[in-house]
1. Rounded to whole Å, give me the distance from the Cα center of segment B:128-197 to that of segment C:1-34.
2. Subtract the Cα-Cα distance of C:E77 and C:A153 from 0.36 nm times their separation in residues, and report this length gain in nm to one decimal.
3. Report relative contact order for chain A in percent, whole number only (criteria: Cα-Cα under 8 Å, sequence separation at least 6).
4. List the residue ranges in chain C for DSSP H helices whose C-alpha atoms run 18 angstrom or more along the long axis and whose Kyte-Doolittle average is -0.5 or above.
5. Assuming R0 = 30 Å, what is the FRET efficiency of A:V580 and A:D463, from their Cβ-Cβ distance, to the nearest 0.05?
6. What is the distance, in nm, between label points placed 7 Å from the Cα along the Cα-to-Cβ direction at A:M250 and at C:E13?
7. How large is the helix-only mean residue ellipticity at 222 nm for chain C, computed as the sum of -39500 (n - 2.57) over DSSP H runs with n ≥ 4, divided by its residue count, in deg cm²/dmol to the nearest 500?
8. With labels modelled as points extended 7 Å from the Cα through the Cβ direction, what inter-label distance (nm, one decimal) is found for B:A213 paired with B:E18?
Amino acid sequence: MTETRATFAQMGTAERALWYGLAALSLVVFIWGCIRLVHKYRAGRKVERRPSVGLAATIRIVLSHSWIRRRATVSGLAHLAVFYGFLVLFAGTTILAVQDDVAKPLFGFDFWRGSFYLGYSLFLDVFGLALVVGLLVLAGRRGVERLPRLIAGRADGRPRRGNAIEDWVFLGALLYLGATGFLLEGLRDAEGAPSFEKWAPAGWLLGRGLHDAGMAPHTAEVIHHVLWWGHGLAALAFVSAIPFTKGLHMLAGPAGVLTRETVAGKQLALDPIGYATMRDFAPAHLLQLDACTRCGKCHEACPATNGGMPLSPRDLVLDLASGALQLLETGDILVGGMIDQDTLWSCTQCMACVEVCPVGIEHVPIINELRRGSVARGDMDTRLQSALETIYTAGNSFGESRRKRGRWAKELPFEVKDIRTEPAEVLWFVGDYASFDPRNKRATQAFAHLLAGAGVDFGILYDAEVNAGCDVRRVGEEGLYTELVERNLKALSACEFDRIVTTDPHSFHTLRNEYPQFGGNWRIDHHSELILELLRSGAIVPCRTLPARVTYHDPCKLGRYNGVFDAPREVIAAVGAELVEMPRSRNNSFCCGAGGGRIWMSDTARPGARRPAELRIDEAVALGALDYFVVACPKDVTMYEDAIKTSGHARRIELIELSELVLESLAPVDSQA
Amino acid sequence: MKIVVCVKEVGLLGDEVEFEGNRVDPDFLDRALNEWDAYAIEAALQLREAVGGEVVAVTVGDEDTEGVLRRALAMGADRAARIEGELDFDALAPARALAPVVAEEAPDLVICGAQSSDAANAATPAALAALLDAPCVAVVRSLTVAGGHLVAHRELEGGVVDVVEVDLPAVISVQTGANTPRYAALRAIRQAEEIDIPTHALAEHDPPTRVIALRLPGHAGTTILLEGDSAEIARQIAALVKERVG
Amino acid sequence: MRVLVVAEHRAGELRPVTLEAIGAGTQLGEVDVLVVGPDALAQAVNVQGVSEIVAVAAGTEFDPDLLRRVVSEVAEERSIDVVLLGNTVDAMSYAAAVAIDGGRGFVSDVFALKPGLVATRSVYAGKVDAEVAIDGHAVVLIRPGAFEPATGAGSATLTSRIETRAARVRHLETIQPDDGGLDLAQQRFLLAIGRGIGEESNVELFTELANSMGATLASSRPLVDSGWMPSSRLVGQSGATVKPAVYLAFGISGAIQHLAGMKASETIIAVNHDPEASIFNLAHFGAVADIFDVAEELAKLY
């Protein structure tokens, strides 16, 4: 007997016609739903998008689930099982349709038999099992473990009920389809099936079980018929519901990955208008909002969320997604309406959300565009307004006179070259905090000592330097940013140097990645990289190894934004200190809370909440006895000096900036033991 | 109603200063819109929002001072004009320079900041009013227009408020804190660069006052500096408090 | 030199700056005093050094238009060299107009006067002193509290004038400040905060410090303008004038308007990170330090 089975067995012509009719209807609804979505995305504002991830990379990412598995191994693998299970079963049904409706009637080609049939049966059973197991694991994460990131709320912290129901229904529907699929196999086998059906082992075992439980073949046949429709209708309903429900993520997710700009968040767009209403959104962003699977990884990673501020990237995306259709129609202004001011301004633009999102959502660029829209309307926190006005007038955020910028250099025992008048090999772009803040000046002077001691030919811009503009841009004041860039470019172009070095990751980031948008293009390094060069070449020789146990905090703009993780670590190793990593390190580093202009704004955290910087110090202190908390960013110096005091750990940990650490290793050991 | 706002770009001194003859060396000055004038512009804009009309910003200065006019335009002023000229610190010079241009505009109301942060004469509002033969009400913290008059709240010493009714046309000056000046996004300021600002010549006058010397203020007695780290300083303060308060 | 002092009154009471102006005027020459207000005030200005008092009967309300006209006319009639009055909110509504009317030079906020006429005043937010020479006739506004008031009974002659009111400015009502029952002037120990505290959330820090030290919290203008502190806590020209046993200032730069309200304090201790802050010119004790560090250390001691 040839290994095959009859499709639509025991179904009359009328029934088959009904089935095909409903299938067609389901397809039409599905297509209509998709068209509706395309219309929605096209209601946005066409903007020029920079190069994206690309098709080849997207396929790789989706098939390997690399983004989904990042920092979520169990859920990631479970989803992998569900993904491939679903895909294989879907493909299996399609193959069958091709065979039944195209190959056999039109070409007389019947391939669903013999070894193919056996292989097909086994394959589908295995993957069907994978689907069911994966779903059960995911259901366990949601229902038993109750992971916080899966419990969606609202951006302002209020609870959100509707999504939870939809999540369970979606999960339940897939489980139902998987389970009934196996049940159908079992019932078929209980009716009396040839032994080669063993190649579908799950069904075969189920069938035996039913038979042994006393189910008569005739009963099995009746139940099978009814359940066939039960399964079939559910499947058709599921498919047609895809564009309208969570099922959409199956299409929108990969589409989101595909549309993710490679420079998303790192190099902001030259768009002066910003997002005031939903109609201003780029179509890609509208699409990305629909891609959200409510996995909550961004929520988990966000410093604002953890710090008790009224912002959760997940909830912001969901609020926007759920209101999109209506808001596109009404054209209502978003900030101050659907989105709270405090929500918008709580973001530190640290990119933890963008970095971890499995479906490529660009939270940071979206928030940035919303900020641009707000700023254009003059709608912002009064402290921020004051900070921006100060930067415009004084060229720095401290409101100090220009002449004071180089004051730290005048306090040194050696002269620091004025690169406006004398060429030098290295132009050291110092930055506001490093120039004006008293605590940071010590670190700045330490680096100057290192450079001078190593005989580096360097100079600074003195009064001609203005705020590099990184946070001004991240706050959405694109006009002021352009102004600052122009002033700095003018100053830089008038000088002679080979390379730029900076101790400030914010300046580093914008000079390297965004100034080229305006014409500036130089080699630019962070000071940790230069220090490493000097250590390797022997220009700096630690004369003692520091018997210190330290941890290192990766600054957002240096690490996650620019991938510079190793240079500071190698510097720490070179001075002989023992590095103990915090749980969240490298590209998973936890932001200090100063970025995105937050250091200029009022507090939005709920009373009593532990600030991001305090949480970070808690994390460090939990590593055990540490001598130093090492930082490589001036804002980190400010935030963590403060946090060490306010967190109550002042006696247990001490902050040191990288240059200060290296300088300490050069100091001769006190003869007093 | 037509409102003219008189604004000034002032020089801001940091912690260092050098004198160049009888003026401060410009190298030591940062330039910005006079703090009081931001409140004046905002007051004018709010009045226009309430009763309708036109807001015209006027300043006296060289081409570089057009920045303050563009800021006013970016905040929402309808037009701007500049009187070309450099003023010294004679208290009546700004009013004399402004009067012809303001008179030509024939506004219903002229709004100034109560004083400038650099010259700090607080003279322009009353002097301008005299030249326009209008009443002047100075140091106002809120104003409303109703039926051809202005109702102004004068902020007196000690926080007492004197509410007066003024016939229009009038000149008023605005105190800080009278409102919250709106933000002028840089983009709007840069777009304002496209707007043409007519320039007027300065009518020459012989100033009746002259600055003959500038110097750093002396100390009223000697200040005893508390030395040491924060803990030391705190101890010394606590000791002083105990001694002097009891 | 002929001097005309314009008396200033409020709620029917003569303001002290008038006596200070008379005191300053007697250093320059012959002093006449013009009083536009209730009759009783004429007697209040009859102090030593005054030659003649010109009284214009009027109500207690302030009418800048009337004052301008009367002062200009009287100054013209009597060939006055210097019109002298206090640098006050009232004066800002009409004094410069008088100068324009009479073709006079104008100087305000003067804290030193020399015959000649040379006036010394503050510019650049109190960071620089300027000596100004006035050629010809002048209108001079003196800084309240900078000159010694004239005292003692005088023997001035009294002249009355009748003036009809122009009435372009009409008084509607007077609103007393809401001090919430707090009388800063009665407190022995004030802890004052200024712009240097940075953000609104830091107000709490200093409120607690003031409480633990037994001080009453006070404020300079910028914090009241921003709405971080109620106006009942304002010390300065537009707020309370105080002279506590100790005035401890954190983050206050020392704007003239603020100093006007607290310079009579017995002991002024100023803490500010800026070594050039004007308040250090006035303070008895100063600390150039981080105000938060010092505040924190102080909190530990109480």
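Computed from the coordinates by the stated procedures, all read-outs in this text should not be read as laboratory data. The structure displayed is predicted, hence computed values, not measured ones. Counting neighbours? That spans all protein chains shown, and the Cβs are built from the backbone with ideal geometry, glycine included.
1. Taking the Cα centre of each part, segment B:128-197 and segment C:1-34 sit 30 Å apart.
2. Values: separation 76, 0.36 × 76 = 27.36 nm, distance 2.68 nm.
Full extension of this stretch gives 24.7 nm more.
3. Values: 1064 pairs, mean separation 82.7, N = 673.
Answer for chain A is 12 percent.
4. On the way: long enough: C:64-77 (19 Å, -0.24).
Qualifying helices: C:64-77.
5. Values: r = 42 Å, r/R0 = 1.40.
E between A:V580 and A:D463, to the nearest 0.05, is 0.10.
6. Here the answer is 8.5 nm between the modelled labels.
7. Details: 9 runs with 75 residues, N = 302.
My calculation for chain C gives -7000 deg cm²/dmol from helical runs alone.
8. Calculated label separation equals 2.2 nm.
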